[in-house]
Each structure stands twice: as structure tokens, then as C-alpha cells.
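One structure is given below, encoded as C-alpha cells.
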Amino acid sequence: MTTHSGYAVNPGAPDAPYAAFWRERHLCTLTTLRPDGGPHVVPVGVTYDPEARLARIITNKTSAKAANVLAAGPAGARAAVCQVDGRRWATLEGRAWVQTDPARIAEAERRYAERYERTPSPNPSRVVIEIEVERAMGRA
């Protein structure tokens, strides 16, 4: 699959408008693949850390999205997150893993609280899906 060069973005060093768009409060979608190969698309809150090339999604460890990522095994699952606001849009693609390390979860919660201006309610079953961003595209 090729990306129109006009929409390609360096995922480790996006331009200022693209990075700012990912700091604004927007509902996003996460697309993972079910074990049968079908897409599972759900609304989520996402944070993007260009320096680490990570997109983070906090979720419950029993969620379908976490199950889909775990089912892919140690190589990780193909995943994408996307947000749209009028004519502006942005997509991040890469491999995803479910992280259970408390420090990683706390960092994801901190970033979520910063972007969405609300602290996530306590959840002892929380995990974080981390997507190692390999491709970014959009128009911000």
C-alpha cells in the first residue's frame, strides 16, 4: 500500500500543526484485527508521543481490543488510530502490544489526563495498548 506523498508525515518528527492536532481533545478510532481477519473499529481516547513513536490507548484488560492485540502473539498486532475534525485528519499505523507494567499504565493515564483534561477513574483491570508508530499520515 502506498501513501500519497502529500499526506505522509514523519512519525518521529511531525510538523507543528500535525503534532498540535494530536494534542487537541478529539475522540479517535482504534482499528485492530479480529482473529478471523475482520476489522474491529472502536472509539477511544489516544495519546501520541512522537519522540517515542508511541500511540497509547488505556483500556480494560478484558476488552475486545486488548484480546485482538493479544491474539496476534509476540510479534504484535497491526493497528491504526485515526482522528477527524472537518477537513483535518490524522492516522497513525504500526504494531501494537498490550502492556501491563504499572509504570507504563501510569504514564498512559498521565498523558490521557493531559490531553482529555480529565483523570481516568481508577481501574485495577486497566492495561495500555501501545502502538509503535511506523507510519503517519494526514492533513492538519
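General observations
- Listed by first and then second residue, the pairs with beta-carbon distance under 8 Å, at least 6 apart or on different chains, first residue in the stretch 95-110 and in contact (Cβ under 8 Å) with a residue 40 or more places away in the chain, second among the basic types (Lys, Arg) and open to solvent by 50 Å² or more (accessible area, probe 1.4 Å), are ALA96/ARG78.
- In the stretch 16-33, the residue that is farthest from ALA77 (Cα to Cα) out of those that are among the hydrophobic types (A, V, I, L, M, F, W, C) and assigned to a strand (DSSP E or B) is CYS28.
- For the stretch 22-37, the count of residues that are among the acidic types (Asp, Glu) and within 21 Å of ASP101 (Cβ to Cβ) is zero.
- Top-ranked residue in the stretch 34-86 [being within 23 Å of ALA20 (Cα to Cα) and part of a loop (DSSP other than H, G, I, E, B); ranked as least open to solvent (accessible area, probe 1.4 Å)]: VAL46
- Residue that is surrounded by the fewest Cβ atoms within 10 Å (Cβ to Cβ), among those in the stretch 87-112 that are more than 21 Å from ARG34 (Cα to Cα) and of a type in the set (Gly, Ala, Ser): ALA103
- Qualifying residue in the stretch 113-121 (condition: open to solvent by 30 Å² or more (accessible area, probe 1.4 Å), of a type in the set (Phe, Trp, Tyr) and under 22 Å from ALA19 (Cα atoms)): no
The values are calculated or read from the model by the stated rules, or taken from the named source; none is laboratory data. All values reported here derive from a predicted model rather than from experimental measurement. Because the Cβ atoms are built from the backbone with ideal geometry, glycine has one as well, and the counts that use them run over all protein chains shown. Note: accessible area is taken over every heavy atom of the protein model, side chains too, but ligands, DNA and RNA are not part of it. Shrake-Rupley method; radii C 1.70, N 1.55, O 1.52, S 1.80 Å.
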